[in-house]
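Structure first, commentary second.
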Amino acid sequence: MPRDPIVVVEPLKPHHHRCTECRRGPLRRMVLEFTAPVCLACADLGHLVYLPRGDAALTRRAREASELWAVVVRHNRRRTRYERQGILVEEDALARAEASCLADAEARARRRARDAERRAAQDIRFTAALTAEIRRLFPGCPPERAAGIAAHASVRGSGRVGRTAAGRALEEAAVTAAVRASVRHVDTEYDALLMNGVPRRQARTRVAPVIDAVLAAWRQ
Ligand SMILES: [Zn+2]
């Protein structure tokens, strides 16, 4: 059965308070024992170190590792309620908590690096497979051109055909669409037409015969 935490109060006016046991003051932090202020040393909390709020994981771990700990609160300006400022914990508990949070951060960083490596490897494998499929469907396509089309189509986050499910499955229509797009930009005047204000549909229609001719030649 968890008991209520020990509460340490940061008074708004420290110089108004003196320890009722050792008479020391002013008191920046104090414990109220039956409403009587007691300094942290007299309350046997003087050895604890302060951890300000803000890092939830560190706070939880430091608390769990600390045999003795206390919540630090302060009255808000209107004195309507106490606001949590942080906790007081044992120094070695805080050190252990910091170490395990750091280990977690390092583990996360290592996992991110592994994920990135795996994704890069998958991308390389996928690009190679896409290149091979382009070469299978279009044997007349120069190898370096096929590799270029595949690399372009597989750029992560591009929304290009290599990033779609159909593209990833190397479906013929998706692979052909990638090749077609490349031919449109590289082997036709499509881009120049767009630059000259020709509407996209009209430009596509105009260059379609050229694309079809290139694809037909590459299919053999
Ligand atoms: Zn005292």
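Could we say that Glu117 is exposed (fewer than 11 other Cβ atoms within 10 Å of the Cβ), among the acidic types (Asp, Glu) and without any contact (Cβ under 8 Å) to a residue 60 or more places away in the chain here? I'd like the intermediate steps shown before the answer.
Numbers: exposed (fewer than 11 other Cβ atoms within 10 Å of the Cβ): yes; among the acidic types (Asp, Glu): yes; without any contact (Cβ under 8 Å) to a residue 60 or more places away in the chain: yes.
So Glu117 passes the test.
Can you name the strands (runs of 3 or more DSSP E) wholly within region 1-109 that have at least 3 residues being away from the ligand (no atom under 16 Å from the Cβ)? Don't jump to the end; show me each part of the working.
Values: elements: 6-10, 30-33, 36-39, 49-52, 70-75, 82-89.
Qualifying strands (runs of 3 or more DSSP E): 49-52, 70-75, 82-89.
Report, by residue number, each residue of region 181-194 that is buried (at least 18 other Cβ atoms within 10 Å of the Cβ) and within 39 Å of the chain's Cα centre (by Cα). Full working, then the answer.
Our first condition is that a residue be buried (at least 18 other Cβ atoms within 10 Å of the Cβ); within region 181-194, this holds for 182-184, 188, 190.
Once the filter is applied, which keeps residues that are buried (at least 18 other Cβ atoms within 10 Å of the Cβ) and within 39 Å of the chain's Cα centre (by Cα), region 181-194 yields Ser182, Val183, Arg184.
Restricting attention to region 140-176, which residues are at pLDDT below 85, assigned to a loop (DSSP other than H, G, I, E, B) and either more than 26 Å from the chain's Cα centre (by Cα) or not assigned by TED's automatic domain parsing to the domain that holds Ile124 (or both)?
Ala169, Leu170
In region 18-27, is there at least one residue being touching a strand residue (DSSP E or B) at 6+ places or on another chain (Cβ under 6 Å) and in contact (Cβ under 8 Å) with a residue 40 or more places away in the chain?
No: zero hits.
Quick check, is Val214 under 27 Å from Ala132 (Cβ atoms) and under 41 Å from the mean Cα position of the chain (by Cα)? Don't jump to the end; show me each part of the working.
Details: under 27 Å from Ala132 (Cβ atoms): yes; under 41 Å from the mean Cα position of the chain (by Cα): no.
Considered against the rule, which asks whether it is under 27 Å from Ala132 (Cβ atoms) and under 41 Å from the mean Cα position of the chain (by Cα), Val214 comes out as no.
Only one of these is at pLDDT below 90, basic (Lys, Arg) and surrounded by fewer than 19 Cβ atoms within 10 Å (Cβ to Cβ): Arg219, Arg200, Arg206. Name it.
Numbers: Arg219 fails: at pLDDT below 90; Arg206 fails: at pLDDT below 90.
On inspection, the qualifying residue turns out to be Arg200.
Which of the residues belonging to region 177-220 are part of a helix (DSSP H, G or I) and polar (S, T, N, Q)?
Going through region 177-220, the residues part of a helix (DSSP H, G or I) turn out to be 177-187, 190-195, 200-219.
Matches in region 177-220: Ser182, Gln202, Thr205.
The values are calculated or read from the model by the stated rules, or taken from the named source; none is laboratory data. Please read these numbers as outputs of a predicted model, since none were measured by experiment. With ideal geometry, Cβ positions are generated from the backbone for all residues, glycine too; neighbour counts draw on all protein chains shown.
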